[in-house]
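To start, the structure itself, in structure tokens.
FYI, it's all coordinate maths here, none of it is from the lab. A quick note: this is a predicted structure, and the numbers were derived from the prediction, not measured. For neighbour counting, all protein chains shown are included, and Cβ atoms are generated from backbone atoms with ideal geometry for every residue, glycine included.
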Amino acid sequence: MLKTTLALIFAATTAFAAPPERLEITVPGGPGSGLDQAARGIEEALRSEGIVRNVQVVNVPGGGGMVALSQFITTKDGDPNVALVQGAGTVFFPLTNATPVSLADVRPLARLAGEYEVIAVRADSEITSLEDLMARFKADPGSIAWGGGSPGSTENIFFARLGKIAGMEPRQVNFIPHPNTGEVVVSALNGQVSVVGGGMQDFLPQVEGGKMRILAVAAPERLEGIDAPTLRELGYDIVFANWRGISVHKSLSDEDVAPMREMIETMVKSDRWHEMLAERGWLDFYLPEAEYQQFIADEESAAKEILTELGITQ
Amino acid sequence: MLDTFFALMGGFAVALTIQNLGWSLLGVTLGTMIGVLPGLGPAATVALLMPLTVGLDPISAFIMFAGIYYGAQYGGSTASILLNTPGEAGAMMTAIEGNAMARRGRGAQALATAAIGSFVAGTIATIGLTFAAPLLVELALKLTAPDYFALMILSLATVTALLGNSVGLGLASLFIGLFLGSVGLDPQTGQSRFTFGIIELMDGIDTVVVAVGLFAVGETLYTVAYQNGVVEKIHQIKGSVRLSREDWSRSWKPWIRGTLIGFPIGSIPAGGSELPTILSYSLEKKLSRKPEEFGTGAIEGVAGPEAANNASAAGALAPLLALGLPTSTTAAVLLAAFQQYGLRPGPMLFDSNPALVWGLIASLYIGNALLLVLNLPLVGVWVKLLSIPKPWLYGGILTLAVLGTYSLNGNSFDVVLLCILGILGFTMRVFFMPIVPCILGLILGPMIEQQLRRSLAISQGDWTVFLTHPLSALLLALAAAIVLLPIILQLTRRRASQHG
């Protein structure tokens, strides 16, 4: 009896916990980076919906996001008003570089938004379709240059998996890394790489301007407004996305986390959040704590496998 | 052409309201202030201000952002000249001659040629942006990895003159720079190199930390160690603060040449501001009638790089406005700002939102003019800084260097790095090792490596790509000519004199 009462009281307190008074969001990246935009999007939604009025975004670039992670872990112990944003890259980076910290050292709280990866070529490329691309790749693997972000990035893993499903060695994928999205688009437009990968938003302006074409999307279903098949339809069973999520410090108890959880639950249901997702072309990728942590574990083990085959794990 | 002109006039109509002029003034003032502090750059400032501008009309917000962007270039040169603390990579070359001029009592002239040169370059480059952005971007897009590689090699060949008097010491300095540049992640495989397990080193060493460490901290330590007893009057202003007739005649050509180098290179996607300022500096040194003055305060060495820096800043906006491509950090932040307003920059932006684009471009002209008006009268005030007693001045410089470095990433590790690099800069001075080659190695090394390895990855290891790409072949031939011609000429002259 006592046990149930306590449980009820506990459930009640967590359910009615008000969002925190103030929030500080640590961004593992510089201003303008993908994670920075996500953090500022969260800030904007929380403020304009009046969920949390005092929101501060702190940029900590460096070390593939690991400088931010390590600062967060050492200086925010027990602080329930501080959150950290993270993305697919934050999972992959510790795999390619033996870093002293990883997402295992924080408490992932919710996955929020994301974008499915797409494969694109310039408008007048000889490559007509994904089938055509894969046929050319199988005939002469080295001749296809696949452009994407940094080594070990989402695109690197995505292309390697695609190559593997096509029955080739992941290492045969001639991946050409780029320091930023702008340069990926440039490499596609001037044709120095055969195909490029990235989020739809990276290429949408060029696609609308008639300068690029989308060959396929790594989404479970076709994306609205984009005339391109899914990889699944074409027989390549890959769903791959670049996602953004939010974490808190590992030292916090369930009770400490309750206000933050309430804040996220209110935000993901708010109008401004959904309005903003639509404006920026992000998809609603909300996953609550337990599912999110499982998702990260799955992402990590899949990435580890492919990165080992690529020979760039440590 | 005429359409563009009318569109621009429409832009002026938008930007020239009292309200928007106010935002522009606020932007350029803020920009100048953050430019003076090394570290906090225009990108971070715009990112910080973005949430505050939510309720603002997008045109007003972008006019302010443009002011910050241009203002930061002016502020950066002021700090470089007076305090030897280049706040951003593009201001490093300005620091070399600019600070030497300041120490010879010609700080006012250095500031003036920088301000007027920035205005001239900024205006010409903005005109270029207005009328030639789409064309320029189309040309810039054609450059592929082998072309970039050849361009870097050509740059390297042209800057050998900057190695200094002793080739041995110059090369040693260059190799220190190359080593510092190779710290971080291997660009092709993503594996860490020379990071000693320190995660802060994984993204490489920031150019600004190296420049401030070697220039400001190194110089300060050296001065304190070796010239403490000497009563120095060199910081006193000599004569008028205005540019003399000779200063004008030595400045205007470098301004134009700097603009012509800076604008096109700034507009190419991997161009940046470092390459044009280095090229401009070495070109001015070669063309100067008084090359011996370089290193001790040659006005051409301020006028050229400063113009090149501002022109490249305008050029960097071309890919953003014409194609929606963020090719610099500031451009990436501006792109995020566009998105905040639900705008999508790209090939369609000129059609879908002409008032905004042309208002923004018009505000670049206005911001530039405001900056000149703001900065020229301030020259007299700024140079007063130099009459501060030396111990205080150097104390102030060190404080500013540390603060600026910390504000770069908000990380105390960078401050430790700054101290180490300061000691390195001091040691190099003790051994008469020139600093400039080290900076060249640091900047050009990683660029050359990345483009070389990217070329070879795409060509699957075929080295002939550098010769089969016409532009690459041409640039490499030029580079070879620059290195080999003087040697051949010397040999033939010697032979001729032997025969004679």
Among the DSSP H helices of chain B, those whose Cα atoms extend at least 18 Å along the helix axis and whose mean Kyte-Doolittle hydropathy is 0.0 or higher are B:2-15, B:18-36, B:58-83, B:107-141, B:145-158, B:167-182, B:354-384, B:390-409, B:412-430, B:436-458, B:470-499
Measuring from its Cα centre, the protein assembly as shown shows a charge dipole (+1 at each Lys and Arg Cβ, -1 at each Asp and Glu Cβ) which, in debye to the nearest 20, is 3400
Taking only C-alpha positions in the range B:115-233, Rg and Dmax in angstrom work out to 20.4, 59
The Cα radius of gyration of the range B:280-423, divided by 2.2 N^0.38 Å with N its residue count, comes to 1.41
Here, residue B:423 and residue A:139, labelled 7 Å along Cα→Cβ, have an inter-label distance in nm of 6.1
When the charge dipole of the protein assembly as shown is computed with +1 at the Cβ of Lys and Arg and -1 at the Cβ of Asp and Glu, the Cα pointing farthest to the positive end, of A:62, B:399, B:80, is that of B:80
For the range A:16-167, the percent of all C-alpha pairs falling in each 10 Å bin, from 0 up to the bin holding the max distance, is 9, 32, 26, 19, 10, 3, 0
Listed by chain and number, the lysines with an alpha carbon less than 26 angstrom from that of residue A:138, same-chain partners under 8 positions apart left out, are A:164, A:304
One quarter of the C-alpha convex hull surface, i.e. the mean projected area of chain A in nm², amounts to 17.1
Counting all Cα-Cα pairs in the protein assembly as shown, those more than 51 Å apart amount in percent to 15
Scaled by the rule-of-thumb 2.2 N^0.38 Å, the alpha carbon Rg for the range B:370-469 gives a ratio of 1.69
For the range B:2-499 (alpha-carbon point model, no solvent) the Debye-based log₁₀ I(q)/I(0) at q = 0.13 Å⁻¹ works out to -1.30
DSSP beta bridges in chain A: the antiparallel percent, rounded to 5, is 60
Of all C-alpha pairs within the range B:1-110, those more than 25 angstrom apart amount in percent to 36
In the range B:2-499, lysine pairs 8 or more places apart or on different chains with C-alpha atoms under 20 Å apart total 7
Sparse-neighbourhood loop hits (trypsin sites (Lys or Arg not before Pro), the range B:16-116; DSSP loop; Cβ within 10 Å at most 13 others) -> none
If N is the residue count of the range A:204-256, its Cα Rg over 2.2 N^0.38 Å rounds to 1.80
The computed P(r) of the range A:65-150 puts the percent of Cα pairs beyond 23 Å at 49
Sorting B:68, B:460, B:381 by the position of each Cα along the dipole of the range B:2-499 (Lys, Arg +1; Asp, Glu -1; all at Cβ), the one nearest the positive end of that ordering is B:381
Cα gyration tensor of the range A:170-231 diagonalised, 5x eigenvalues square-rooted, in angstrom largest first, produces semi-axes 20, 16, 10
For the protein assembly as shown, whose charge dipole is built from +1 on Lys and Arg Cβ atoms and -1 on Asp and Glu Cβ atoms, the candidate among B:483, B:201, B:471 with its Cα farthest towards the positive end is B:483
Two pseudo-spin positions, 7 Å from Cα along C-beta at residue B:171 and at residue B:495, lie apart in nanometres by 2.6
Computed for chain B: size of charge dipole around the Cα centre, +1 on C-beta of each Lys and Arg, -1 on C-beta of each Asp and Glu, debye to nearest 20, value 1480
Given unit charges at Cβ for Lys, Arg (+) and Asp, Glu (-), the dipole magnitude of chain A about its Cα centre in debye, nearest 20, is 340
